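Colleague: Just passing along the structure, written as structure tokens.
The values are calculated or read from the model by the stated rules, or taken from the named source; none is laboratory data. Because the structure is predicted, anything quoted here is derived from the model rather than measured. Please note: Cβ atoms are built from the backbone with ideal geometry, for glycine as well, and neighbour counts cover all protein chains shown. Keep in mind that these areas ignore ligands, DNA and RNA; they rest on the heavy atoms of the full protein, side chains included. Shrake-Rupley method; radii C 1.70, N 1.55, O 1.52, S 1.80 Å.
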Amino acid sequence: MSLVDRTIWHLEMALQAETTLDAISRQCGASPHHLLRAFHLATGTSPMAYLRARRLTLAAHALTEGRKPVLHIGLDWGYGSQEAFARAFHRTFGVTPGTVRRSGLLPDRNLMTEPLKMTNDPTVTLDPPQMRRIDPFDVVGLNQRFGFDDIAGIPAQWQAFNAREEELTGIAAPVAYGVCHGGDEDGFSYLAGMQATDGPADMIRLTVHGGQYAVYTHSGHISDLPRTVRAIWTSGLSEAGLIPVKAPDFERYGADFDVESGRGSVEIWIPIDV
């Protein structure tokens, strides 16, 4: 069973129990950082957001049955007051619990969350990673925050950076880096840049940690990169017996990478525990 499948099972078992991301991570044998990245890459959401959505969906079903007061249903599904339950319910479904109770009709089914069924992507075959150690270095570029379900803006971010890379000073090599950092349950930040000493005021400088990395090579068109990254986090690291640490990971686009064709060498570097 994959890490994501194990996570879904434990989340479903915790629907009416108190739990945390740390607790689910321990049950799945992974760090919270690893679990969070793997889950959002596979599902587009975070484990705890999925758990909240599942609880509200089951609460909606309970409301249509008309057996319990609205307050009791809210308490059953983890809300401390009727007001907190009503706010969360309306934010998710666009209607109040009282409306569903009176009508006996479920909210829009497109807004409800049923149990996920996950399988590993069988079309992605990963070669064993190379183990490399590096010293810290700085990447300067354009930074943007993304939600787990809203990463479509990354290609445009790269297009904007590519048009301005000449504004950087002290570029170390014709190599670009896409750095994922600052991840939490709401999303992550992505820096498109190059190893350089300085840049304009609207760009940031981020230090990439030194240490041991597992390096995977992506083959094929750049549009398939998300599938490779997803396979690394959901199965590749676990199968290789590697434990990622909570530090920025990055994509390295070699000098032979052609922006126009979307082809060339791309490496995915994951910092690991040693």
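Colleague: Determine the percent antiparallel among the DSSP beta bridges restricted to the chain, to the nearest 5.
Modeller: Bridges in the chain that DSSP calls antiparallel: roughly 100 percent.
Colleague: Skip the ligands, DNA and RNA, and give the accessible area per residue of segment 67-119 with a 1.4 Å probe, whole Å².
Modeller: In whole numbers, segment 67-119 has 67 Å² accessible per residue.
Colleague: Right, here's the next one. What ³J(HN,Hα) values, in whole Hz, does the Karplus curve 6.51 cos²θ - 1.76 cosθ + 1.60 give for segment 25-41 when θ = phi - 60°, with x put for Gly and Pro?
Modeller: Values, residue by residue: 4, 4, 5, 8, x, 9, 6, x, 4, 4, 4, 4, 5, 4, 5, 6, 5 Hz.
Colleague: Oh, and also: If you rank T20, T125, T43 by how much accessible surface each has, with a 1.4 Å probe, what is the order from largest down?
Modeller: T125, T20, T43
Colleague: Using helices alone, what [θ] at 222 nm do you get for the chain, with -39,500 (n - 2.57) per DSSP H run of 4 or more residues, divided over all residues and rounded to the nearest 500?
Modeller: Value at 222 nm, helices only, nearest 500: -10000 deg cm²/dmol.
Colleague: Assuming a ≥ b ≥ c are the square roots of the Cα gyration tensor eigenvalues, decide whether segment 197-269 counts as rounded (a/c under 1.5), prolate (otherwise, with a/b larger than b/c) or oblate.
Modeller: Oblate.
Colleague: Counting other Cβ atoms within 10 Å of each Cβ, which trypsin sites (Lys or Arg not before Pro) in segment 1-71 have at most 13 and sit in a DSSP loop?
Modeller: Taking segment 1-71 and a limit of 13 other Cβ atoms within 10 Å, the loop trypsin sites (Lys or Arg not before Pro) found are R67.
Colleague: Can you compute the label reach from A247? Point 7 Å from Cα along the Cβ direction, backbone N cut-off under 16 Å, restricted to segment 177-217.
Modeller: Within reach of a label on A247, which here means backbone N under 16 Å from a point 7 Å along Cα→Cβ, segment 177-217 contributes 179-183, 206-216.
Colleague: Probe 1.4 Å, all protein chains in place: accessible area of M13 in Å², nearest 10?
Modeller: Roll a 1.4 Å probe over it and M13 shows about 130 Å².
Colleague: Going through segment 133-210, which trypsin sites (Lys or Arg not before Pro) have at most 15 other Cβ atoms within 10 Å and a DSSP loop state?
Modeller: Passing sites in segment 133-210 are R164.
Colleague: Please work out the C-alpha center-to-center distance from segment 109-169 to segment 193-258 and express it in whole Å.
Modeller: So the separation of the two Cα centres works out to 8 Å.
Colleague: Same structure, new question: Can you give the local net charge around L237? Use residues other than it whose beta-carbon is closer than 13 angstrom to its beta-carbon, Lys and Arg +1, Asp and Glu -1.
Modeller: Charge balance near L237 sits at -1.
Colleague: Considering only protein heavy atoms, what is the solvent-accessible area of R87 at a probe of 1.4 Å, reported in Å² to the nearest 10?
Modeller: Near enough 150 Å² of accessible area.
Colleague: Quote the FRET efficiency, to the nearest 0.05, computed for D76 versus S2 with a Förster distance R0 of 30 Å and r equal to the Cβ-Cβ distance.
Modeller: 0.45
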